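Novice: Handing you a structure now.
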Amino acid sequence: RKNVERITTSSHALDDLLGGGLETQSLVEAFGEFGSGKTQLGHQLAVNIQLPKEKGGLSEPDKVAQAVYIDTEGTFRPERIIQIAKGSQIDPDSALRNILFIRAYNSDHQINIVKRLPSLIHEGRNIRLLVIDSITAHFRAEYVGRSNLAERQQRLNQHLRDLLKLATVYNIAVYVTNQVMAKPEGFFAIDQQAVGGHVLAHAITYRIFMRKGKDRTRIARLIDAPHLPEREAIFRITEEGIRD
Ligand code: ATP
Ligand code: MG
């Protein structure tokens, strides 16, 4: 892959885990239980993409890099963007202006938004990051029961192919979230079925399993990444955003 670029997460440890930050031309999935930091990282990346290249973003002097944020759960918070922007020394108003926020109401809508993104790019928008929070929630809610599983997986598969194509053709980073439930004993099932099946596991370039650690820390574990060892990074969620 040529011209791959990287976006900082604002945590050195998390950047190192990903081999130097979130890559363009890749699909990155964060999965984990509620409150593990998946949405917070989405907000952070939507701000950080706007940083100049020498500071870990993808903006150029005459061209601000923009994010598209597809929210399926109603958890996008402009006021959180303002806090994070201040923490990253970005003007909060321009931070908000450069995030194209779209609420997806069902899986069809979500799929169609992604299909329409190339036309936005052709109109001249400098979109370098796509966030989908969460990629699976609508699919899960709409396809209940075993008999619908095959159709769900097929549609999710096509959606993922669209995303990978978008990422590679336009040199965009794609970050998606996926909630998985904690088991009663406090362990997680890193279970393919729980996270969209093999379909999701194969299309995703980087999978990060997130969980809560001691003293308000978060632990991110990299799973199945090409050329990178399976290992963990510890980060924190602060008022200013993600930090070491
Ligand atoms: P879900 O699966 O429910 O969507 P999630 O993984 O997306 O969960 P987040 O919403 O990213 O979880 O994380 C929420 C946590 O982030 C809060 O519990 C809190 O610990 C932390 N957090 C959010 N805002 C702030 C803030 N302003 N200052 C400090 N910590 C914050
Ligand atoms: Mg969330």
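Novice: How much FRET efficiency would the formula 1/(1 + (r/R0)^6) give for residue 215 and residue 112, where r is the Cβ-Cβ distance and R0 is 45 Å, rounded to 0.05?
Specialist: Calculated transfer efficiency: 0.55.
Novice: Under 14 Å from the Cβ of residue 29, count the other residues' Cβ atoms, weight Lys and Arg +1, Asp and Glu -1, and hand me the total.
Specialist: Result for the local shell: 0.
Novice: If DNA, RNA and ligands are ignored and the probe is 1.4 Å, what is the ranking of 12, 227 by accessible area, most exposed first?
Specialist: So, going from the largest accessible area down, we get 227, 12.
Novice: From the protein chains alone at 1.4 Å, what is the descending order of accessible area for 31, 76, largest first?
Specialist: Ranked list, largest accessible area first: 76, 31.
Novice: Separate question: Just add up the charged neighbours of residue 85: K/R +1, D/E -1, any other residue whose Cβ is under 10 Å from the Cβ of residue 85.
Specialist: -1
Novice: Next up: Just how many % of Cα pairs in the range 1-57 lie over 19 Å apart, if you round to the nearest whole percent?
Specialist: 26 percent
Novice: For the range 41-98, rounded, prolate or oblate, judged on the Cα gyration tensor with a ≥ b ≥ c (square roots of eigenvalues), a/c < 1.5 rounded, else prolate if a/b > b/c?
Specialist: Since a/c reaches 1.5 and a/b is larger than b/c, the shape of the range 41-98 is classed as prolate.
Novice: Need one number: nm distance between label points at residue 33 and residue 54, each 7 Å from Cα along Cα→Cβ, rounded to one decimal.
Specialist: If labels sit at residue 33 and residue 54, their model points lie 4.4 nm apart.
Novice: Still on this structure, please answer the following. Nearest 500 deg cm²/dmol is fine: what mean residue ellipticity at 222 nm does the chain get from its DSSP H runs of n ≥ 4 alone, each adding -39,500 (n - 2.57), divided by its residue count?
Specialist: -10000 deg cm²/dmol
Novice: Still on this model: How would 69, 143 rank on accessible area, largest to smallest, probe 1.4 Å?
Specialist: 143, 69
Novice: In µm²/s, what is D for the range 68-107 at 20 °C and 1.002 mPa s, where D = kT/(6 pi eta Rh) by Stokes-Einstein and Rh is the Kirkwood radius from Cα pairs?
Specialist: The estimated diffusion coefficient comes to 199 µm²/s.
Novice: Round to the nearest 0.05 the FRET efficiency obtained for residue 140 and residue 16 when R0 = 35 Å and r is the Cβ-Cβ distance.
Specialist: 0.60
Novice: Another question about this same structure. Pairs to check: 63/115; 38/115; 53/212; 2/165. Give those whose C-alpha atoms are more than 20 Å from each other in this structure.
Specialist: Exceeds cut-off: 63/115; 38/115; 53/212.
Novice: For the chain, what value does the Rg/Rh ratio take when both radii are computed over Cα atoms and Rh is the Kirkwood radius, given to two decimals?
Specialist: Rg divided by Rh gives 0.94.
Novice: Hey, got a sec? Which GluC sites (Glu not before Pro) in the range 37-109 land in a DSSP loop and have at most 12 other Cβ atoms within 10 Å?
Specialist: The qualifying sites: there are none.
Novice: Next question. Compute the FRET efficiency between residue 100 and residue 168 as 1/(1 + (r/R0)^6), taking r as their Cβ-Cβ distance and R0 = 25 Å, and round to the nearest 0.05.
Specialist: 0.75
Novice: Here's something else I'd like to know. Decide, for the range 1-138, between rounded, prolate and oblate: order the square roots of the alpha carbon gyration tensor eigenvalues as a ≥ b ≥ c, take rounded if a/c falls under 1.5, and otherwise choose prolate if a/b is larger than b/c, else oblate.
Specialist: In terms of gyration-tensor shape, rounded.
Novice: Sum up the charges of everything whose Cβ sits under 14 Å from the Cβ of residue 99, counting Lys and Arg as +1 and Asp and Glu as -1, but leave residue 99 out.
Specialist: Once all neighbours under 14 Å are counted, the net charge is +1.
The values are calculated or read from the model by the stated rules, or taken from the named source; none is laboratory data. It should be emphasised that the depicted structure is a prediction, and the values quoted were computed from it without experimental measurement. Cβ sites come from the backbone with ideal geometry, for glycine too, and all protein chains shown count toward neighbours. Accessible surface areas use protein heavy atoms only, side chains included; no ligands, DNA or RNA. Shrake-Rupley method; radii C 1.70, N 1.55, O 1.52, S 1.80 Å.
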